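Chemist: This is the structure I have questions about; it appears just below.
The values are calculated or read from the model by the stated rules, or taken from the named source; none is laboratory data. As the structure is a computational prediction, the values presented were derived from the model and not from experiment. With ideal geometry, Cβ positions are generated from the backbone for all residues, glycine too; neighbour counts draw on all protein chains shown.
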Amino acid sequence: MAHRVELKISSDPCWLPMVRAMMEQICCEAGFAEEDRVDITIAVDEALSNVVRHSYNGNPDGEIKLRWTADGGCLEILMSDHGQPVDPKRVKPQPPDEFRLAGRGALLIHATMDEVEYRRADGTNSLRLRKYLKPRTGSSYDQKD
Amino acid sequence: MTKKIDINVDRNGPDSVVHIQGDIDLRTSTDVRDVVVDLFENRSQQRVILDLKGVKYIDSSGIACLVEGLQEAKRKKARLILAGLNEAPRRVLQITRLTNLFEVAQTVDEALKL
């Protein structure tokens, strides 16, 4: 049975800690191991920060919708907003540059999630992130003769 | 209004330990950056240790402020050391391939010996 959580927030960065805390719980319910929970939280937080900073240019009065769906070993997060279109270059991860001050957000999102899909239609930005549960390994003993 | 982050500085001659409680994210990263840059630029600190054991999360803007702090340290031929990294901040540094850029210590005591 699919589990779903939907949330609508304003584009105020004060909500970032709340969403991070929710991610921990949602990922736990979906059965993700701790390292994946950390990764998913990183991705969602970065995506949300990007909407606040770039789609709404720091205006805290925009609307952001989040929807989490856990179904059949996959957690999907859909984030949508009515802010400015995203520069496609910002969605692609930039090569790491030690002293670059900006541009690590996309790298963090792509490195932590299995699928990342951005779309713009009818004045709405939509970012879809997917993470798949890793299959559990069997016994910790692997006896090879 | 809820306080977003706690930053307390212990100065001892040319060394400072900056104790941080809270997440370093979009809301708070400029506060941390301002403190660190001020210690190097205006207070001639030679070694600044960031005590991060009270920091559960650092986002990319937080990483950018750490990089800025490190750039300022290098300009002043000083040192910036990160101490007490928790799991999520450590993971963010790993993904952004900055683990080798910073001096890192498990604890503030260990950082003071570096």
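Chemist: Are there any pairs, at least 6 apart or on different chains, whose C-beta atoms fall under 9 Å, with the first in region A:120-136 and free of Cβ contacts under 8 Å to residues at least 24 places away in the same chain and at positive phi and the second surrounded by 12 or more Cβ atoms within 10 Å (Cβ to Cβ) and outside any strand (DSSP E or B), and if so, which?
Modeler: none
Chemist: Pick from region A:103-137 the residues that are over 19 Å from A:A30 (Cβ atoms) and touching a Phe, Trp or Tyr at 6+ places or on another chain (Cβ under 8 Å): which of them is surrounded by the most Cβ atoms within 10 Å (Cβ to Cβ)?
Modeler: A:N125
Chemist: Out of B:R33, B:R27, B:R47, B:R43, I need the residue that is closer than 15 Å to B:N12 by Cα, basic (K, R) and either surrounded by 17 or more Cβ atoms within 10 Å (Cβ to Cβ) or at the interface with chain A (Cβ under 9 Å from one of its Cβ atoms) (or both). Which one?
Modeler: It is B:R47.
Chemist: Can you name every residue in region B:17-52 that is polar (S, T, N, Q), farther than 23 Å from A:G58 by Cβ and within 11 Å of the chain's Cα centre (by Cα)?
Modeler: Once the filter is applied, which keeps residues that are polar (S, T, N, Q), farther than 23 Å from A:G58 by Cβ and within 11 Å of the chain's Cα centre (by Cα), region B:17-52 yields nothing.
Chemist: Tell me, please, whether a residue that is within 14 Å of chain B (Cβ to nearest Cβ), at pLDDT 95 or above and touching a Leu at 6+ places or on another chain (Cβ under 8 Å) can be found in region A:58-68.
Modeler: yes
Chemist: Which residue pairs have Cβ atoms closer than 8 Å, lie 6 or more positions apart in sequence or on different chains, and pair a first residue in region A:1-17 that is surrounded by 14 or more Cβ atoms within 10 Å (Cβ to Cβ) with a second residue that is assigned to a loop (DSSP other than H, G, I, E, B) and of a type in the set (A, V, I, L, M)?
Modeler: Between residues of region A:1-17 that are surrounded by 14 or more Cβ atoms within 10 Å (Cβ to Cβ) and residues that are assigned to a loop (DSSP other than H, G, I, E, B) and of a type in the set (A, V, I, L, M), the close pairs are A:P13/B:L26; A:L16/B:L26.
Chemist: Residue check, B:D38 against (1) within 12 Å of another protein chain (Cβ to nearest Cβ); (2) without any contact (Cβ under 8 Å) to a residue 12 or more places away in the chain, all met but one. Which one?
Modeler: (1)
Chemist: Before we move on, is B:K56 surrounded by fewer than 22 Cβ atoms within 10 Å (Cβ to Cβ) and either touching a strand residue (DSSP E or B) at 6+ places or on another chain (Cβ under 8 Å) or closer than 14 Å to B:I20 by Cα (or both)? Give the derivation first.
Modeler: Working: surrounded by fewer than 22 Cβ atoms within 10 Å (Cβ to Cβ): yes; either touching a strand residue (DSSP E or B) at 6+ places or on another chain (Cβ under 8 Å) or closer than 14 Å to B:I20 by Cα (or both): yes.
So B:K56 passes the test.
Chemist: Check B:V36, B:V18, B:V32 and return the single one that is within 21 Å of B:K76 (Cα to Cα), touching a helix residue (DSSP H, G or I) at 6+ places or on another chain (Cβ under 9 Å) and part of a strand (DSSP E or B).
Modeler: Going through B:V36, B:V18, B:V32 in turn, the sole match is B:V18.
Chemist: State all residues of region A:10-26 that are within 14 Å of chain B (Cβ to nearest Cβ), of a type in the set (A, V, I, L, M, F, W, C) and out of contact with any Leu (no Cβ under 7 Å at 6 or more places or on another chain); if no residue qualifies, say none.
Modeler: Listed by number, the residues that qualify are A:C14, A:W15, A:M18, A:A21, A:M22, A:M23.
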